[in-house]
Amino acid sequence: MASPCECLIASNNEKLARGLAELALAEAKRIEIKFSRYRSDNIVYKINHVSQSGIDIDNETADLLDFAAQCYELSDGLFDISSGVLREVWQFDGGNQIPSKEEIKIVLQRVGWNKIQWQRPHLAMRDGMEIDLGGIGKEYAVDQVAKLIKNHSPETNVLVNFGGDLVATGPRLNGKAWTVGVDDPSRTGEKTIGGVELTKGAFATSGDARRFLLKDNIRYSHILNPKTGWPVEQAPRSVSVMATTCIEAGMLATFALLQGKNARAFLEEQEIPFWICEA
Amino acid sequence: MTIIKKKRNIQKKLALASCTLLSHGATDVLAAEAEDWAIDGSLLHYAEEDRITVDKFIGSLVTNVSESDKVKVDLVFDTMSGSTPSGALDGAGSFTTITTPSGAGGFSASSGSTAIAKFDDTRLGVSMDWEHTKKRLHRINYGSSISVEKDYTSFGLNTKYAQDTSSRIVTYSAGVAVAFDDVRRSTGGTPEPFAKYNEGKTLDGGNRVTVDTIFGVTRILNRRTLAQLNFSSGLADGYLTDPYKLVSRTQLIDPMDPTAGFDEINTYYEKRPSSRQRNSIYTAMAHTTRHNNVLHMSYRYYWDDWEIQSNTIDFRLKFRYDDGLFIEPHVRLYDQTAASFYTFAIAQEEYGISGFPEYASADYRLDETDATTIGVNIGKTFPGHGKLRVRFEQIQWEYANSLFDVNKAIVLQVSYKKLFE
Amino acid sequence: MLKKSLLLSMLLVLTACSTMKDVSNTVKDSLFTYEKVKPWQKGELAKEDMQLVDDGLMNYADEHIYFSKEAATGGKGVGGGGCGCN
């Protein structure tokens with residue numbers, strides 16, 4: 001998951017809590033292994049290395065692809081799981097190397113969900129194209145883990161937090177809400193800009209606090225527009241959203257970032273609680 | 001610069017998409033029970049060597065009517081034909097009383113003899129069961145069944161109560177069943193017991209009532225093992241005789257030499273007691289081995305007041321393979337002692353020309369018997385398309401003191417099961 | 001008799017298809033291991049194959065065959081319908 005993951009279990013029963021934690025860990029690992037783009041033995045690798053005739057997909061991955069397809073529609077093409085190849089020309093290491101227009105043009109030919117044939121259960125795409133479920137995977141894992149724990153122990157409430165994307169399934173033992181601090185992006189890890197009380201629901205944050213490029217005093221955020229191949233201009237430093245499920249919260253936060261300077265307007269339009277730190 | 005093409009609220013659509021994703025997300029194995037309907041159907045062919053053949057269709061439907069109610073409906077349709085030993089010894093005894101070890105039987109009956117009874121019948125049976133979860137950990141079952149054929153009708157009711165401990169490691173259950181049977185010959189009525197064959201009065205149809213009870217404990221021993229222990233007891237009262245079965249009176253050809261053979265003097269209808277009290281202790285286990293195969297074993301000890309005692313051992317090992325395929329060999333060993341009133345024939349040397357024991361039956365099914373079954377069951381699950389099973393069994397019964405030493409049968413059963421949302 | 005012992009030995013071979021070690025492991029794992037199994041550990045036990053009666057139709061067919069051909073009956077449960085064959 002590439003970030004610290006924790007599971008807060010509201011229970012007095014240590015054995016139960018340990019058991020649930022084991023479950024959570026197993027499920028998180030399972031999802032990570034299954035959808036990580038760094039492995040060469042999972043469905044994502046197969047998809048990205050199979051020939052142009054494509055491959056048949058299992059139910060769980062198919063559900064994620066269906067969801068990604070819907071997000072592509074809802075975001076007018078700004079959320080695109082095939083945009084990962086752009087990282088070949090953009091390396092957000094805090095340095096000052098930015099690609100040329102030519103390089104971007106060439107890479108863009110291999111980007112575009114509309115160029116992929118997805119008809120459940122079959123997925124086919126051109127050579128050189130890749131899908132990356134990194135933008136959905138972590139939030140999906142949070143929701144799945146919470147669901148699994150709820151199925152096994154309906155009376156036990158938990159807060160599942162994978163690197164700031166979290167969901168709470170109910171209040172704490174004392175009946176009170178969980179208090180969640182919102183990270184201050186300019187003093188990340190040191191300061192919070194506020195706190196949120198969460199009894200039941202999800203909270204996700206997206207931002208560019210840790211990855212960017214700086215050249216000629218212009219800050220290039222790592223949020224790339226898959227249509228142009230360039231970073232989204234004036235993207236907010238961070239966006240946090242509250243919703244029913246983590247995946248919904250995560251997507252809204254991501255969509256907001258992709259709106260660049262219109263992030264706030266977009267968020268207000270959605271009528272959900274949000275926090276934004278503009279650039 | 002990126003501008004949203006038009007201002008719009010996508011939150012609701014996104015929320016819906018998210019819910020869809022999560023509701024279909026990979027769930028763990030225990031959710032497999034969430035299917036609402038299951039239909040299972042079987043065609044079965046049972047054939048004895050030179051005797052009865054039975055073809056059966058069995059169908060079963062199970063559905064979760066609500067969160068706390070499950071209903072099961074079963075249907076059976078049988079057709080039976082062929083012949084079966086009546087218990088009588090036909091005509092002149094040109095055979096010895098010493099059975100041949102090859103088990104070929106020392107006698108071949110022609111179609112006109114009384115030793116073989118022809119058999120032709122169809123049966124229809126329906127049963128229903130309703131399982132109600134009263135409150136968490138407590139379940140009650142109510143069931144009923146009806147079976148109808150030319151010469152037999154049965155109606156039964158049963159109920160069972162089961163309770164789990166809070167950790168769901170142990171389940172205690174108790175059940176009781178009552179059955180009302182009506183038995184008659186296909187030509188009508190029942191024969192007068194011990195009357196001569198084809199003579200004597202025809203009495204009314206026979207009725208009997210059977211009550212059975214069972215108490216059981218099922219326990220999870222460890223993560224991969226489940227075990228059960230049951231005690232059953234039952235009482236049957238009424239007409240327990242078989243209206244077709246016969247018993248012969250014989251006379252030794254040479255009173256000094258039993259091996260010289262005997263003659264059949266007369267043939268009579270059999271007579272059994274009008275009550276039978278039965279008991280059994282049954283234990284079973286299901287275990288997943290380290291190789292991920294499933295072992296099923298069971299043992300039953302049975303005894304009743306007809307002085308029959310019996311042991312049954314059953315053993316299955318299911319080898320499971322990755323693509324949903326399994327191969328399951330099966331062995332069953334069975335033995336029983338003879339009923340106290342079982343007899344090969346009524347000997348004139350003992351009872352004279354016209355005397356009788358209190359009860360007598362030459363029905364081979366009450367004889368001292370050893371039975372062995374070997375079989376294999378092969379099946380495959382087709383994800384989304386159901387589960388197919390094909391089973392082949394070979395059964396052999398050996399009798400200690402009957403006209404025919406051996407009965408062999410084969411069973412072929414093909415079944416298909418499908419689950420529906 | 002000969003047949004019985006032949007079968008019994010086949011049974012033993014079938015039990016593990018290989019070694020006595022397998023047989024003793026199976027016996028130990030099944031009858032001599034006791035755990036208080038937690039709900040989340042019941043994955044194996046919940047599988048259809050681990051039901052004591054895992055195939056209802058086969059069980060019904062067998063019960064019916066042996067009920068009509070043998071004197072002993074029952075043990076597993078009560079009720080379920082009779083037939084005129086015994």
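Values in this text are rule-based calculations from the coordinates and carry no lab data. Note that the structure is predicted; figures quoted are calculated from it, not measured. As a convention, Cβ positions derive from the backbone with ideal geometry for all residues, glycine included, and neighbour counts pool all protein chains shown.
Values for this structure:
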{"item": "Spin-label proximity, B:S274 to the range B:186-210 - amide N less than 19 Å from point 7 Å beyond Cα toward beta carbon", "result": "B:189-195, B:201-210"}
{"item": "Excluding exposed DSSP-loop GluC sites (Glu not before Pro) (at most 12 other C-beta within 10 Å), longest clean stretch of chain A", "result": "A:1-154"}
{"item": "Karplus-derived HN-Hα couplings along the range B:336-343 (A = 6.51, B = -1.76, C = 1.60, θ = phi - 60°), whole Hz, x at Gly and Pro", "result": "8, 8, 7, 5, 4, 9, 5, 8"}
{"item": "Calculated FRET value between B:K196 and B:T259, using beta carbons and R₀ = 45 Å, to 0.05", "result": "0.95"}
{"item": "Cut-off 16 Å, label 7 Å out along Cα→Cβ of B:S81, residues of the range B:115-133 by amide N", "result": "B:118-123"}
{"item": "DSSP-loop chymotrypsin sites (Phe, Trp or Tyr not before Pro) across the range A:1-99, with at most 13 other Cβ within 10 angstrom", "result": "A:Y38"}
{"item": "Pairwise FRET efficiency - B:T165 versus B:T53, Cβ, R0 = 51 Å, nearest 0.05", "result": "0.60"}
{"item": "At q = 0.20, 0.27, 0.33 Å⁻¹, base-10 log of I(q)/I(0) for the range A:106-146 (Debye sum, equal scatterers on each alpha carbon)", "result": "-0.75, -0.94, -1.08"}
{"item": "Theoretical gain in end-to-end length, B:Q251 to B:V178 [0.36 nm per residue, Cα-Cα removed]", "result": "21.9 nm"}
{"item": "Relative pair counts by distance (%), Cα atoms of chain B, 10 Å bins", "result": "4, 15, 26, 24, 14, 8, 4, 2, 1, 1, 0, 0, 0"}
{"item": "Residues B:R320, A:R18, B:R300 arranged by fewest to most Cβ contacts within 10 Å", "result": "A:R18, B:R320, B:R300"}
{"item": "Chain A: calculated mean residue ellipticity at 222 nm from DSSP helix runs of at least 4, using -39500 (n - 2.57)", "result": "-10500 deg cm²/dmol"}
{"item": "Selection of GluC sites (Glu not before Pro), the range B:336-386, meeting DSSP coil and at most 11 other Cβ within 10 Å", "result": "B:E358"}
{"item": "Using θ = phi - 60° and Karplus 6.51 cos²θ - 1.76 cosθ + 1.60, couplings along the range B:383-389 (whole Hz; Gly, Pro as x)", "result": "x, x, 10, x, 10, 10, 10"}
{"item": "The range A:51-86 residues near the modelled A:H122 label - backbone nitrogen below 14 Å, point 7 Å along Cα→Cβ", "result": "A:51-57"}
{"item": "Top of B:L229, B:L403, B:L137 by mean-square fluctuation, Gaussian network on chain B, Cα under 10 Å", "result": "B:L137"}
{"item": "Residue order, fewest to most surrounding Cβ atoms within 10 angstrom, among B:D237, B:D323, B:D212, A:D58", "result": "B:D323, A:D58, B:D237, B:D212"}
{"item": "Leading residue at positive end of dipole, chain B (Cβ point charges), from B:L21, B:V411, B:S361", "result": "B:L21"}
{"item": "Extreme residue, positive dipole direction of the range A:1-110, given options A:Q109, A:A17, A:W90 (C-beta unit charges)", "result": "A:W90"}
{"item": "Globularity ratio of the range A:240-279, using Cα Rg and 2.2 N^0.38 Å", "result": "1.02"}
{"item": "Binned Cα-Cα distance frequencies in the protein assembly as shown - 20 Å width, integer %", "result": "13, 35, 25, 16, 9, 2, 0"}
{"item": "Distance in nm between pseudo-label sites at B:F155 and B:A117 (7 Å out along the Cβ direction from Cα)", "result": "2.6"}
{"item": "The range A:215-279 - charge dipole about Cα centre, Lys and Arg +1 at Cβ, Asp and Glu -1, debye rounded to 20", "result": "300"}
{"item": "Rounded tilt (10° steps) of B:11-23 against the dominant C-alpha axis of chain B", "result": "30"}
{"item": "Over the range A:39-86, equivalent-ellipsoid semi-axes from the Cα gyration tensor in Å", "result": "21, 14, 10"}
{"item": "Among the listed pairs B:K134/C:K38; B:K387/C:K47; A:K200/C:K36, those beyond 25 Å (Cα-Cα)", "result": "A:K200/C:K36"}
{"item": "Anchor A:K261: lysines whose Cα lies under 29 Å away (excluding residues fewer than 8 positions away in-chain)", "result": "A:K101, A:K105, A:K115, A:K138, A:K191, A:K215, A:K227, B:K5, B:K6, B:K7, B:K12, B:K13"}
{"item": "Cα-centred dipole magnitude for the protein assembly as shown, charges only on beta-carbon of K, R (+1) and D, E (-1), debye, nearest 20", "result": "3480"}
{"item": "Virtual spin-label span in nm between B:V73 and B:T213, 7 Å along Cα→Cβ", "result": "3.4"}
{"item": "Potential extension, A:Y45-A:A26 segment - 0.36 nm per residue separation minus Cα distance", "result": "4.7 nm"}
{"item": "Amide H contacts under 5 Å for B:E368, placed H, 5+ residues apart", "result": "B:A338, B:A400, B:N401"}
{"item": "Rounded to the nearest 20 debye, dipole of the range A:105-262 from Cβ charges on Lys, Arg, Asp, Glu", "result": "280"}
{"item": "For the range B:222-329: Kirkwood Rh in Å [reciprocal of mean 1/r, alpha carbons]", "result": "18.8"}
{"item": "Spin-label model distance (nm) - B:R136 vs B:W37, 7 Å beyond Cα toward Cβ", "result": "3.2"}
{"item": "Filtered chymotrypsin sites (Phe, Trp or Tyr not before Pro), the range B:271-339: DSSP coil and at most 13 other beta carbons within 10 Å", "result": "B:Y321"}
{"item": "Exposure proxy order (Cβ contacts within 10 Å, fewest to most) of C:K38, A:K147", "result": "C:K38, A:K147"}
{"item": "Signed unit charges on C-beta, dipole axis of the protein assembly as shown, positive-most listed residue A:Q259, A:N59, A:I33", "result": "A:Q259"}
{"item": "FRET efficiency, C:N25 to B:Y301 (Cβ-Cβ, R0 25 Å, nearest 0.05)", "result": "0.35"}
{"item": "Cα-based shape type of the range B:257-316, given that a ≥ b ≥ c are square roots of the gyration tensor eigenvalues and the cut on a/c is 1.5", "result": "prolate"}
{"item": "Chain A: equivalent-ellipsoid semi-axes (sqrt of 5 x gyration tensor eigenvalues, Cα, Å)", "result": "32, 25, 16"}
